[in-house]
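Everything on this sheet refers to the single structure shown next.
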Amino acid sequence: MKLRNWRVELQSARRAESPPQRPDETKAPTKLGLIMAPTPPVFEASAVPLRFLHSDVAFLKKTGRGSSFSRAHVLSFVVLLAVLFLQLFNPDVTEYKPAWSPNTELPDVLYPSPISPNTPIFSEPYPISRPAKMTLLDEARKVTEEFAYSAEDVNRGVKAFISQMGKGNYQTYCGDVMLNYAQTRGLYLAVDLGGTNFRVCSIQLHGNTTFSLTQSKVAIPRDLMIAKTSQELFSFLAKQIETFLQTHHNDHYTAHLERRKASSSTTTAEIFQLGFTFSFPVNQVGLNKGTLIRWSKGFDISDAIDQDVCQLLQTEIDALHLPVKVAALVNDTVGTLMARSYTSPGKTGTLLGAIFGTGTNGAYVEKLSKIRKLTSTSSSASAYDTSTGEMIVNTEWGSFDNTMTVLPNTPYDIALDAESVNPGVQMFEKRVSGMFLGEILRRVLLSLVKSSTAQLFSDVDSSTNDGHSTTTIAADSALYKQWGVDTSFLSICQADSSPGLRAIRQSLSKDLGVDAASTEDAEAVKLLVNAIGKRSARLSAVAIAAVVINTGNNVQKGASEDDVVDIGVDGSLVEYYPGFEDYIREALREVKDLGESGEKRIRIGIAKDGSGVGAALIALVAAKMEEGSGSGAGTESGAGVRKEDGADPKNYEPEGQDWFG
Ligand code: BGC
């Protein structure tokens, strides 16, 4: 019907020669109108000059507005078209500028002077809300994908770890002789040079698997970690021992000094036997003798390389006339293994001592027959007492896969390594341990701060931060300093589930100098922290699984309750990073040769202060050996102690280096 109407209109318009009457001028409908009634009248169209008519008029009719179409309308329409035409083709038309943009200075009337000149309502620049919020979280999520470490990656990692194990040499200690001191009593000294702190402790063994510990801890000054000479570092350590003795064992200490004044001789009984936990790769060539292979964890003192670290410490102790003998050298993982063995519940021995702290490493009990160097070199093989058939191996797994065949590698990892003091080594450690996680995070955050799209800490929307004030990054923020971000920051972020992530925002302000961060900033930081921490835990699972599988402990040996695989762990990550062990366990279940049942049998226990206790236990072994009793705890067999021509177990000289050299 309507279509027919239009056709009729046009025909009518074409026919029109004189202006038609306005509808209000003629009450009578036209012929056409009559014909097409009851459709709306179309007459006015006929009054429009034909060149404007055909389509436009038809359109007007379609919209039903044709009934009030007049000359005035047509005139306006023509003018409008002319203006549009001019705007379209006139090249001089200037760009449209809004009255106000984020960069425009606001007129005073909108932005009056603050009430007090010192307390502006808004600090510069005027805060605005832009729709960039989603971009930040999207960008953060994109980065987290780079840190994903799949089940497939875990299995590939385990396979590579097992195949690389033992490719280097072994570093070992005097076998399981030290695992049997549960009944031993005595007071021993231990010092522990870790990556962050130097601890001095005295340990009273009570002889019933318990002990009491007195300890002091001091942060190692950064400039000593990269001192010009090793003497600077070791004299500082000796000084700490002196202070400790004066504070906690003053009677013994002053009595010693007086005896010394009276006569120059001191009996062995009056001297503290000290176990030295030295948590760096060492080529151990004696119970209290080991040369430094390389530094790790940010230390870099070149003249110490290839030096006997026990001798370096003893020299400084002697310079202070302290009644102390460095009796044993021990890696912190070995100490952790020892301490866990001393205290762990049940009859099961401990398989592995592992550190997930500033650095990472593991020491485990291995069958002598599987230690390639001992079985392949006849002179070495005959030089060891094989009666217990076991030995402790310090793997130095921080250097697993230095050639990067299977380790994940993001641009942040690459830059971190390139700018470290030891590029190309400790590659596993650089992806796992606390010292490096903070630095990886720092680099990720900085890249997002600099990114033009992500806009981290860029005050995109001040309404979501506490003070509704501008987000600022202090000029001296830890974000701009290499190693500026500590693992404790990651632990705080991981733990915070409060509404608005207040703890993260507070810590951003306190630790990183980022003030008034928004909730979304904090959410982005949390996503990133989680990704970096989770990757670290899953990589840690690779090392644990590889040791368990390679020692045949993935296979259930019996139905008894004691059929567990005991692992002693220590370090800030495993102790304080929320969910670290859960993430390890999740990955362990994904390892084909372990599965759920294998994972369940693995018992992981914190061996708190293990390295100190373990060092004291080893000092005790050393003391017993020095006494020549050879049976301090009734089980001392000299296992793993190298005998010179089968003679005296004291004169051992185990050779070797780390497994992942
Ligand atoms: C060292 C190891 C040590 C580990 C944990 C690594 O950097 O090379 O010897 O056991 O840190 O402290």
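Derivation of every value follows stated rules applied to the coordinates shown; laboratory data play no part. Model, not experiment: these values are computed from the prediction. With ideal geometry, Cβ positions are generated from the backbone for all residues, glycine too; neighbour counts draw on all protein chains shown.
Observations on the model:
- Hydrodynamic radius by Kirkwood, which averages 1/r over all alpha carbon pairs of segment 326-369, in angstrom: 11.4
- Residues of segment 391-419 with amide N under 20 Å of the 7 Å Cα→Cβ point at Thr348: 391-393
- Distant-in-sequence amide H partners of Phe272 (H built 1.01 Å from N, under 5 Å): Val324, Lys325
- Each listed q (0.09, 0.13, 0.14, 0.15 Å⁻¹) maps to a log10 I(q)/I(0) for segment 413-537 from the Debye sum over equal C-alpha point scatterers, namely -0.24, -0.50, -0.57, -0.65.
- Where Cα atoms sit under 28 Å apart: lysine pairs in segment 473-579 separated by 8 or more or lying on different chains: 6
- Pairs with C-alpha atoms separated by more than 28 Å, drawn from the list Lys370/Lys600; Lys239/Lys608; Lys600/Lys624; Lys228/Lys624; Lys325/Lys608, are Lys600/Lys624; Lys228/Lys624.
- Couplings 3J(HN,Hα) of segment 515-522, computed from phi: 8, 6, 5, 7, 4, 5, 4, 5 Hz, in residue order, whole Hz [Karplus 6.51 cos²θ - 1.76 cosθ + 1.60, θ = phi - 60°; x for Gly and Pro].
- Note that segment 264-370 carries a Kirkwood radius of 15.7 Å, evaluated over its alpha carbons pair by pair.
- The tail of the calculated P(r) for segment 183-263, taken as Cα-Cα distances beyond 19 Å, holds 50 percent of the pairs.
- Cut-off under 5 Å, modelled amide H: who pairs with Ile606 long-range: Val569
- Converting phi to 3J(HN,Hα) with the Karplus coefficients 6.51, -1.76 and 1.60 and the offset θ = phi - 60°, segment 248-258 yields 10, 9, 5, 4, 4, 5, 5, 4, 5, 4, 5 Hz in sequence order, with x at every glycine or proline.
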